[in-house]
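Each remark here refers to the structure printed beneath this line.
The values are calculated or read from the model by the stated rules, or taken from the named source; none is laboratory data. In this text, all values refer to a predicted model and were calculated from it rather than measured experimentally. Cβ placement follows ideal geometry from the backbone for every residue including glycine, while neighbour counts extend to all protein chains displayed. Quick note on the areas: whole protein, heavy atoms, side chains included, nothing else; ligands and nucleic acids left out. Shrake-Rupley method; radii C 1.70, N 1.55, O 1.52, S 1.80 Å.
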Amino acid sequence: MRDFTLLSYQSLLVAFQQAGYRFQTFEEMMTAAAEGKTVVMRHDVDELAWNALEIAKLENSLGIRATYFFRIVKQSNVPEVIEQIVKLGHEVGYHYEDLALAEGDDSKAIKSFENNLNYFRRFYPVRSICMHGSSTSKYDNRLLWKNRSLSDFGLVGEPYLSVDFDKVFYLTDTGYAWDGGKYATRDIVESGFGLRFHKTQQIVESINKGDFPDNNMILAHTLWTDNAVQWYWLHLREFLRNNLKLWAKNNKVVARLYRKMVNLYWKKS
């Protein structure tokens, strides 16, 4: 069975439900004490916003509320999609990358951040944000908060700044695999859980056996699809991109080429 489809995603959600886990939005995680077994389903909408809507519909059909972080770029920022996801009862947050877009200019970045945050608050009363990795930029977007407080902007949390990942198990599908951490640039957390999965079915089996942690944050991007043509294309694209990213880490020429390709892709989006 193909992995990273809506069918395999549904099997993961149902496994959590049958094992007695309670689903939370990220905002709820930040504002209420954890009771029993919990899981935050987090979606960074880097692109393919319409895929995010299909995921949101599936979650809604199961009575699940999730958290969707939208970027300001056109492939993520699709007003019709955001509006429908809000109507389905999900949380919406801002997937910020202002420091990278401002080339490290702090003053310019914070003005951009505030404007973009206010924009997304037209759709939802945003109280949570999450940095975009901006893997080709030398600027870490989290540094926007080096001398500032989230509360100054009415925010309650940022996953990479506000969560103790020694207490909350973090699992991400970065690289189109649950163990694709070697392809990540900044989507990395320190954790003492020592668990490793490759396929969604392995996670389901762990949940069914009662071996899975009690408190979790699961990051699923918008590459999950039942469309076979899109599925095969995305797997090929991610295979090529992942290997190019690894090559770029040790080769400056390849790094420059990869940076230009990424920048061109988002300019066209």
Assign one of three labels to the stretch 104-170, namely rounded, prolate or oblate, based on the Cα gyration tensor with a ≥ b ≥ c the square roots of its eigenvalues; rounded applies when a/c is under 1.5, prolate when it is not and a/b is larger than b/c, and oblate otherwise. oblate
Can you give the Rg/Rh ratio of the stretch 13-73, where Rg is from the C-alpha atoms and Rh is the Kirkwood radius? 1.00
Ordering Tyr139, Tyr9, Tyr124 by how much accessible area each has at a 1.4 Å probe, largest first, what is the list? Tyr139, Tyr124, Tyr9
Specify whether the C-alpha gyration tensor of the stretch 151-236 places it in the rounded, prolate or oblate class, a ≥ b ≥ c being the square roots of the eigenvalues: rounded for a/c under 1.5, otherwise prolate if a/b is larger than b/c and oblate if not. oblate
Estimated Rh, the stretch 1-136: Kirkwood, alpha-carbon pairs, angstrom: 15.8 Å
Mean Cβ count within 10 Å, highest first, over the residues of peptides 187-194, 129-136: 129-136, 187-194
Viscosity 0.692 mPa s, 37 °C: Kirkwood-radius Stokes-Einstein D of the chain over Cα pairs, µm²/s: 172 µm²/s
Stretched fully, the stretch from Trp247 through Ser151 gains (0.36 nm per residue minus C-alpha distance, one decimal, in nm) 30.6 nm
Hey, what's the Cα Rg ratio for the stretch 124-269 versus the globular rule of thumb, 2.2 N^0.38 Å? 1.19
Please identify which residues in the stretch 220-252 have an amide N closer than 15 Å to a label point set 7 Å out from the Cα of Met1, following the Cα→Cβ vector. 225-226
In the stretch 115-269, carbon and sulfur make up what percent of the accessible area (probe 1.4 Å)? 52 percent
Mind checking the per residue accessible area of the stretch 101-259 for me, 1.4 Å probe, whole number of Å²? 54 Å²
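Is it possible to state the helix-based mean residue ellipticity at 222 nm for the chain, with each DSSP H run of 4+ residues giving -39500 (n - 2.57), the sum divided by total residues, to the nearest 500 deg cm²/dmol? What is it?
-12500 deg cm²/dmol
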Amide H contacts under 5 Å for Thr225, restricted to residues at least 5 apart in sequence or on another chain and with H modeled in the peptide plane, are Thr5, Leu6
Taking 0.36 nm per residue of separation and subtracting the Cα-Cα distance, what length does fully extending His235 through Ile188 add? 14.8 nm
Full-stretch length increase - Arg256, Lys209 - with 0.36 nm per residue and alpha-carbon distance subtracted: 12.3 nm
